[in-house]
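Accompanying notes for the structure given below.
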Amino acid sequence: MLFLVLLAGGVLWFVLNGMPYINSLRAKWEYQRLVDKMERPYREDTYGGKTPEETYDMFLVALRNEDTTLASKYFVVDEQASWKITLEQYENQNLLDELTAELQANQNSWVLSKNNNETAVYTYTYTRNKPSETELPITGGGTQKLTLPAGTFKANTIFELNKYTKIWKIIDL
């Protein structure tokens, strides 16, 4: 009988004291599992260079080879799917060579305006001597006509360091 009372007391103590501890361990384990799942694409991302310039050069080589899938992988993970679609649309409209030439010209006039070892921003200036009309690919396979005004404009190419793999990724062109 004494044994049953001690056993019941032990079970009651475990339920009152041990279960919250076990539930806390389980919650921490589930949280870490979710964090690991969210970080996995960033940890497995190996496309890019040790410098922003190297990443951009790799990106341009992929475009010259008309490998839009590879080219899209040089963007930050969250933007890769969107850029893959955009680059495929440029390819389908036979505008990939024109895009590549424009991006190369932009790179030739880059000026580093920010680099804090996590983000690098290159500013460039370009001039359009007269207004021009262009058709750009849009989602759904169509195009949109745009009239581009004449003038001198500033723009940025922005890179971000993947903190897990220590490679540079394109954020924005």
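Just so it is clear, none of the values below were taken in a lab; they were calculated from the coordinates. This is a predicted model, so every value here is computed, not measured. Here the Cβ positions follow ideal geometry from the backbone for every residue, glycine too, while neighbour counts run over all protein chains shown.
Of the residues Gln80, Gln107, Gln32, the one that moves most in a GNM of the chain with alpha-carbon contacts below 10 Å is Gln32. Which aspartates and glutamates, if any, have their Cα less than 19 Å from the Cα of Lys163, not counting same-chain residues under 8 positions apart? In chain and number order, the partners are Asp36, Glu39, Glu44, Asp45, Glu53, Glu54, Asp78, Glu79, Glu118, Asp172. Between Arg43, Arg64, Arg26, the GNM of the chain built on Cα springs shorter than 10 angstrom shows Arg26 fluctuating the most. Note on Tyr126, Tyr47, Tyr21: ascending count of other Cβ atoms within 10 Å places them as Tyr21, Tyr126, Tyr47, the fewest first. Build a GNM of the chain with springs between Cα atoms under 10 Å apart, and of Ser24, Ser132, Ser72 the one that fluctuates most is Ser24.
Can you list the residues of segment 67-110 with backbone N under 19 Å from a point 7 Å past the Cα of Thr119, pointing along Cα to Cβ? Only 75-80 pass the distance filter.
Stretching Leu146 away from Leu4 to a fully extended chain increases their span by 42.7 nm, per 0.36 nm per residue minus the current alpha-carbon distance.
Would you kindly give the portion of the calculated P(r) for segment 1-87 that falls above 19 Å, as a percent of all Cα pairs?
62 percent
Using only alpha-carbon positions in segment 1-44, the gyration tensor eigenvalues give semi-axes of 41, 7, 4 Å once each is multiplied by 5 and square-rooted (largest first). As a proxy for reagent exposure, ranking Val76, Val111 by other Cβ atoms within 10 Å from fewest up yields Val111, Val76. Entry note: the chain has Rg to Rh equal to 1.33, where both radii use alpha-carbon atoms and Rh is the Kirkwood radius. Of all DSSP bridge pairs formed entirely within the chain, close to 95 percent run antiparallel. The convex hull drawn around the Cα atoms of segment 61-101, when projected onto a plane and averaged over every direction, covers 2.5 nm².
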